[in-house]
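Asker: Take a look at this one; I'll ask things after.
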Amino acid sequence: MAAFLSCLLVALPLRCAGQTNLRSPEDIQIYVVNTNFTLSWNYTGNFTNVTFSAEYRWFEDTETNGMEWKGLPGCQNVTCTECDFSSAITEYYDKHHVRIRAERREEVSPWSSTFEMFPYFLAQIGPPGIALQSMNGVIKIKVSPPEENQVRKMWLTPLDFKYKVVLWENSSNSEFRSQSIFPTDIIDDLAPDTTYCLKVQATLPLELREGLFSPIRCIKTTRKVNDLLCATNLRILALNMEFHLHWTNRYKQHVSYNVQYLIGYLKKLHDDYSVKWLNVHGCENITDIQCNFSSIITTTSGSYYLRVQAINEYNRSCLSNEVKVDPLITNQIGPPGVKLDISNALLHIQISPPGGSESEVMRDYYDLSYRVLYWKNSSNNEEEIKVKEIKQTIGSISDLAPSTLYCVKVQAFSEAYNKSGHFSKGECIKTPGDKILPLIILATFVIALIAVFLVAVPLVFALYQAYSKIKYVFFPSCQPPLNIEGFGGQLFSSPYLLTAEEPIENCSIIETIITEEVNQIVFKDYKHSKQSSRDSGNYSNDDNTSGSKVSEEMLEKETV
C-alpha cells in the first residue's frame, strides 16, 4: 500500500503538467485602418499572471501546406486583450493567418481558432487632414489625403479619393449640411459672424469604400464685402457646342473684364491651383458683358471652371464667383435640319444632325436618336399627333392618306445623357392624289370599249350583210350591154321582179343587113340573159313567154 501511494505521488505531478486550467482566447478580431493593424480578443478566464502571445503565417499563393507559424511582433507576452502588429504586415494583398493563446509561467492554453485575413480588403480608409480659413464670408478648406507623409501606404492612388464635408452651425438646433468638395475648395452660402463646425470624410467611390471622419473642427465666419465692381450672375448659354458666358455689371463707371478659366482636373490635385488660371483668348480687357469661350473646349470628357476679373480705371480688380462647365452636360441640343420628300406612297424624312453635318461631337458623343412628330394639317384641331423614334438620319412614314397635307417636326435626343433638344420648325408636304381611282376609270373605259367592240362588230357585220342583200335585190350590179339597151327593154330592166301585165304589141320584122359577127354577139347575149333569168328562179307570165319564143324564132331565121 505504501508503495502504491509513493508511485501515485510521483506520477501526479507528471499528469498535472500535461493539463491546464487556462482557457483559450475567444472572439478574435483584427482592425485595419490604413496600414495600422490591431488584434483584439476576449478572455473569460482568470487574469491573474496571465499573458497572451500570438503567431501568424502568410501565403504568397493559395497553397497553405508547409508554411510555418511565427511569433507575431508586437503581440508577444502582452497583458491586455489587444495589441498592435502593424510592423509585421508588409504584403497587403496576400492571405494571412493569425492565432493567439493565454500563458501563465509554464502553463499555456490551447490555441484559439485561426483568423484569416486579406489586409487590403479588411482595411478602412483613415481620416483626412483638414485646414480651415475664414475669409470674406466664406470658409476656405484644404484637405490632405489619408496616409500623407507616410512611407508605407495602403492606398497607392490618392487622386482617386473623393471628399465629403458635413457642416452645421454650432448651436443646439442646427441642421446638418453635406456636400462634396475638392482638396482645396471654398464653402459659401454661409451666415456672417456665425460659428460653423465640420468634419471631412474620404471615400473611394469605385470601390464603394467610405472612410473615417476627421476630428471635428469649428470656425467663425466673417462678413462679406459687397463690392459693386465684381461681376455677378454668371451664366452659361451653350447650344450645339457653342459656349457663351454672360454676366451682370453693377459698376456705374468704366470697367473692363478678363475672363479666366481653369481645367477641371487641376482641382482634384492637392496642390495650390490659384496660380494656374488662364485668360480666355479673345476675352481679355473687354467691355462687353459676354464672352464666347468655345475655343477652350478642347475635350468633352473633362470639366472647366470660369470666372470674371473686373478691373476699374484705378486698376483695382475683383474676382467673381466661379461657374462650372461640363461640356456635354451644359450644352443644349439644337433643332435638327429636316427635308421631306414623297415617293411610292411613303413620306421620306432626311435629317441633318444639330450643328450641321460637320458637327462630329453632336453626332458621335451624344449618340443621337430622333423623335419624329407628324400629323395631318387640317382644320380639325383634334387630329392626332403621331410619334415615331428612329436612330438613323433617314426615315419614312407609311399609311398616308392621298391628297393630304402632312406636317413634320423632329427632335434630337440622347438617352445616354438624358437630354432632349429643341424641335425643328414644322415642315409640310402634300401627298399626291389617289392613283386607284384613275386606274379604275381606265379599267372601266377599256372594259366598256371591249364590250362595245364585241357588240358592234357582229352588229355591223349583220347590217352589212343586210345591206348587201338589199342592194343585190333592189340595185343589182348586172346590167344589159349597151348595144342591146332598149331591146326588150322592159324585159331586162328588172328580171327578178314581177311586173304588171301589159298589152302585147305585134311587131313586124325589119330586114336589115347585120354582119354575122354582130348577130352572133347579140344572139349570145340574148341567150345568156335568158339563161340567167331561168337560173334566178324568177318567172314571167305566159304572154311574155310566148313573145319570147317568137322573138327567138325570128332571131334564128335572121341568123340563117
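The values are calculated or read from the model by the stated rules, or taken from the named source; none is laboratory data. Note that this is a predicted model, so its numbers are computed, not measured. All Cβ positions, glycine included, derive from the backbone under ideal geometry; neighbour counts span all protein chains shown. Heads up: the accessible areas ignore ligands, DNA and RNA and are worked out on the full protein's heavy atoms, side chains in. Shrake-Rupley method; radii C 1.70, N 1.55, O 1.52, S 1.80 Å.
Asker: Can you say whether A202 is part of a strand (DSSP E or B), farther than 23 Å from Q332 by Cα, hydrophobic (A, V, I, L, M, F, W, C) and touching a residue at least 60 places away in the same chain (Cβ under 8 Å), as far as the supplied structure shows?
Answerer: Judged against the criteria, A202 is a match.
Asker: When region 235-275 is examined, which residues are found to be surrounded by 14 or more Cβ atoms within 10 Å (Cβ to Cβ) and under 23 Å from F161 (Cα atoms)?
Answerer: Listed by number, the residues that qualify are L262, I263, G264, L266, K267, K268, L269, H270, Y273.
Asker: Can F474 be described as open to solvent by 70 Å² or more (accessible area, probe 1.4 Å) and either at pLDDT below 90 or among the aliphatic types (A, V, I, L, M) (or both)?
Answerer: Against the criterion (open to solvent by 70 Å² or more (accessible area, probe 1.4 Å) and either at pLDDT below 90 or among the aliphatic types (A, V, I, L, M) (or both)), F474 qualifies.
For every residue, the table says whether it meets (1) modelled with pLDDT of 90 or more; (2) aromatic (F, W, Y); (3) in a strand (DSSP E or B).
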site: L5; (1), (2), (3): no, no, no
site: A11; (1), (2), (3): no, no, no
site: Q19; (1), (2), (3): no, no, no
site: S24; (1), (2), (3): yes, no, no
site: Q29; (1), (2), (3): yes, no, yes
site: V32; (1), (2), (3): yes, no, yes
site: T38; (1), (2), (3): yes, no, yes
site: W41; (1), (2), (3): yes, yes, yes
site: S53; (1), (2), (3): yes, no, yes
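Asker: Could you check region 435-471 and list, in sequence order, the residues that are open to solvent by less than 100 Å² (accessible area, probe 1.4 Å) and modelled with pLDDT under 70?
Answerer: P438
Asker: Related question: Which of the residues spanning region 128-139 are within 21 Å of P183 (Cβ to Cβ) and either in contact with a Pro (Cβ under 7 Å, 6 or more places away or on another chain) or open to solvent by 70 Å² or more (accessible area, probe 1.4 Å) (or both)?
Answerer: Within region 128-139, P128, Q133, M135, N136 meet the criteria.
Asker: Run E485 past the list (1) acidic (D, E); (2) open to solvent by 90 Å² or more (accessible area, probe 1.4 Å); (3) at pLDDT 60 or above and report the number of the one that doesn't hold.
Answerer: Status for E485: all satisfied but (3).
Asker: Might you check whether a residue that is at pLDDT below 95 and not in a strand (DSSP E or B) occurs anywhere in region 232-241?
Answerer: yes
Asker: Would you confirm whether any residue within region 173-182 is out of contact with any strand residue (DSSP E or B) (no Cβ under 9 Å at 6 or more places or on another chain) and assigned to a loop (DSSP other than H, G, I, E, B)?
Answerer: Initially, region 173-182 is screened for residues out of contact with any strand residue (DSSP E or B) (no Cβ under 9 Å at 6 or more places or on another chain), giving 173.
In the following step, the residues that additionally are assigned to a loop (DSSP other than H, G, I, E, B) were identified as 173.
So far as region 173-182 goes, yes, one or more of its residues are out of contact with any strand residue (DSSP E or B) (no Cβ under 9 Å at 6 or more places or on another chain) and assigned to a loop (DSSP other than H, G, I, E, B).
Asker: If I ask for residues that are basic (K, R), in a strand (DSSP E or B) and more than 23 Å from the chain's Cα centre (by Cα), which ones from region 387-437 would you list?
Answerer: Matches in region 387-437: K430 only.
Asker: Small (G, A, S), assigned to a strand (DSSP E or B) and either without any contact (Cβ under 8 Å) to a residue 24 or more places away in the chain or out of contact with any helix residue (DSSP H, G or I) (no Cβ under 7 Å at 6 or more places or on another chain) (or both) - does that describe any residue in region 102-121?
Answerer: yes
Asker: Another question, if that's okay. Quick check on S174: is it free of Cβ contacts under 8 Å to residues at least 12 places away in the same chain and surrounded by fewer than 16 Cβ atoms within 10 Å (Cβ to Cβ)?
Answerer: yes
Asker: Would you call D288 over 19 Å from N249 (Cβ atoms) and open to solvent by 60 Å² or more (accessible area, probe 1.4 Å)?
Answerer: no
Asker: Ok, one more. Would you mind stating whether V280 is β-branched (V, I, T) and exposed (fewer than 13 other Cβ atoms within 10 Å of the Cβ)?
Answerer: Against the criterion (β-branched (V, I, T) and exposed (fewer than 13 other Cβ atoms within 10 Å of the Cβ)), V280 does not qualify.
Asker: Also, quick follow-up: Can we say P215 is open to solvent by 30 Å² or more (accessible area, probe 1.4 Å), modelled with pLDDT of 95 or more and part of a loop (DSSP other than H, G, I, E, B)?
Answerer: Against the criterion (open to solvent by 30 Å² or more (accessible area, probe 1.4 Å), modelled with pLDDT of 95 or more and part of a loop (DSSP other than H, G, I, E, B)), P215 qualifies.
Asker: Based on this model, can you work out whether Q350 counts as open to solvent by 80 Å² or more (accessible area, probe 1.4 Å) and within 28 Å of the chain's Cα centre (by Cα)? Show your work before the answer.
Answerer: Numbers: open to solvent by 80 Å² or more (accessible area, probe 1.4 Å): yes; within 28 Å of the chain's Cα centre (by Cα): yes.
Answer is yes for this residue.
Asker: How many residues are open to solvent by 80 Å² or more (accessible area, probe 1.4 Å), of a type outside the set (D, E) and farther than 30 Å from G211 by Cα when one looks only at region 104-127?
Answerer: Looking only at that region, the number is 1.
Asker: Turning to a different aspect of this structure: Within region 365-398, how many residues turn out to be open to solvent by less than 90 Å² (accessible area, probe 1.4 Å) and of a type in the set (D, E)?
Answerer: Residues meeting the conditions: 2.
Asker: Sticking with this one: Look at S301 and say whether it is at pLDDT below 90 and open to solvent by 30 Å² or more (accessible area, probe 1.4 Å). Quick ask: steps written out before the conclusion?
Answerer: Details: at pLDDT below 90: yes; open to solvent by 30 Å² or more (accessible area, probe 1.4 Å): yes.
Yes.
Asker: Tell me the residue from V143, V151, V166 that is farther than 15 Å from P183 by Cβ and open to solvent by less than 30 Å² (accessible area, probe 1.4 Å), please.
Answerer: Values: V143 fails: farther than 15 Å from P183 by Cβ; V151 fails: open to solvent by less than 30 Å² (accessible area, probe 1.4 Å).
Selected residue: V166, the only one of V143, V151, V166 that is farther than 15 Å from P183 by Cβ and open to solvent by less than 30 Å² (accessible area, probe 1.4 Å).
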